[in-house]
Amino acid sequence: MKKRRILLLMITAIALSLISLWIGQLSYGWLPPQGTTEAILIDNLFTFLVSLGSFIFLGVTGVVIYFVMFNRVAKYDWSDGPAIEGNVTLEIIWTVIPILLVFWIAGYSYQIYQQMGIQGGHHHSHQSIDIETVKTVDKPFETIEVIAKQWAWIFHYPESNITSTELHLPIDQRVHLALRSQDVLHGFYIPAFRVKQDMIPQETIALEFTPIRQGNYQLTDSQFSGTYFATMTANVVVQSKEDYETWLKKAAKQTPFLADNQAFSEYNQQSQKMIKTGWPSIKPAQPPLVNYQ
């Protein structure tokens, strides 16, 4: 009888494992297309967590349903159930298993973080844009300066002396960004790249990733940076090496001009009205002077 129960438990565990792995594979389709090598790593971690969570959820709910259906007390039976207080074996099991799961998740997450080689917020500098790299997967092709202010994104390519409101990147080349906020907290976030980095005023923060899929993506401000923060978006264009070089040459030939800025335009329109409506707002920063928009 005991062997039969053990065999049944093993079969159930195997079935739950297979179903959980299948649900985990489905989770790849819940996220945007993978635009960077870092996105693949993040998706693998997400799939692992979904699979593990599915196994726990199905296991717990399955046990509850089983006992509700097949181990119900008889009608008018008001007696207490068997006391489990003082069961050392059971207490050890439900203590050790969560601890092992936490260490498993933490270890795998740390491994993914190491593989990504993202610089993160612990590499701050008050003086220099060129931040020392502690760990990189490949050598970055160039450092691009990213400036955020209320409410605009500005991208500066020092080697070509180009400033743009669009972020252009060559495919399969590791990118090194130097993020800097001029006023308040902003958040650099590209969902398809699975990279997000908070930007602290007057701090320079390094961020690295490698685009692997050509296309147009959307950069948004992940922080509530003020009244017009919803307008603080920018296009991110990942293109071939040849197209990227062509874009650099084209942008370099253009005379710098004031970029269109939705927040600045809307604020000026509101200011010109005779009757003021809505809440007072901070005046947006001047539109950036760029070579390309």
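The values are calculated or read from the model by the stated rules, or taken from the named source; none is laboratory data. Just so it is clear, the structure is predicted and the values come from calculations on it, not from any experiment. FYI the Cβ positions are ideal-geometry reconstructions off the backbone, even for glycines, and counts take in every protein chain you see. Only protein heavy atoms, including side chains, enter the accessible area calculation; ligands, DNA and RNA are left aside. Shrake-Rupley method; radii C 1.70, N 1.55, O 1.52, S 1.80 Å.
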For segment 164-174, does any single residue satisfy the condition of being surrounded by 21 or more Cβ atoms within 10 Å (Cβ to Cβ), touching a residue at least 40 places away in the same chain (Cβ under 8 Å) and under 16 Å from Q254 (Cα atoms)? yes
Checking the conditions here, which among T220, T227 is in the same structural domain as I282 (by the TED database) and not in a strand (DSSP E or B)? T227
Go through (1) open to solvent by 20 Å² or more (accessible area, probe 1.4 Å); (2) touching an Asp or Glu at 6+ places or on another chain (Cβ under 9 Å) one by one and return the number of the condition Y217 breaks. (2)
Going by the conditions given, is Y28 closer than 30 Å to T210 by Cβ, outside the structural domain of Y217 (by the TED database) and among the hydroxyl-bearing types (S, T, Y)? yes
Lone qualifier among L31, L90 - being of a type in the set (A, V, I, L, M) and in contact with an Asp or Glu (Cβ under 9 Å, 6 or more places away or on another chain): L31
Of the residues in segment 255-281 that are at pLDDT 80 or above and either in a loop (DSSP other than H, G, I, E, B) or open to solvent by 100 Å² or more (accessible area, probe 1.4 Å) (or both), the one that is farthest from N235 (Cα to Cα) is T255
If you scan segment 201-214, which residues turn out to be surrounded by 16 or more Cβ atoms within 10 Å (Cβ to Cβ) and not small (G, A, S)? T204, I205, L207, E208, F209, T210, P211, I212
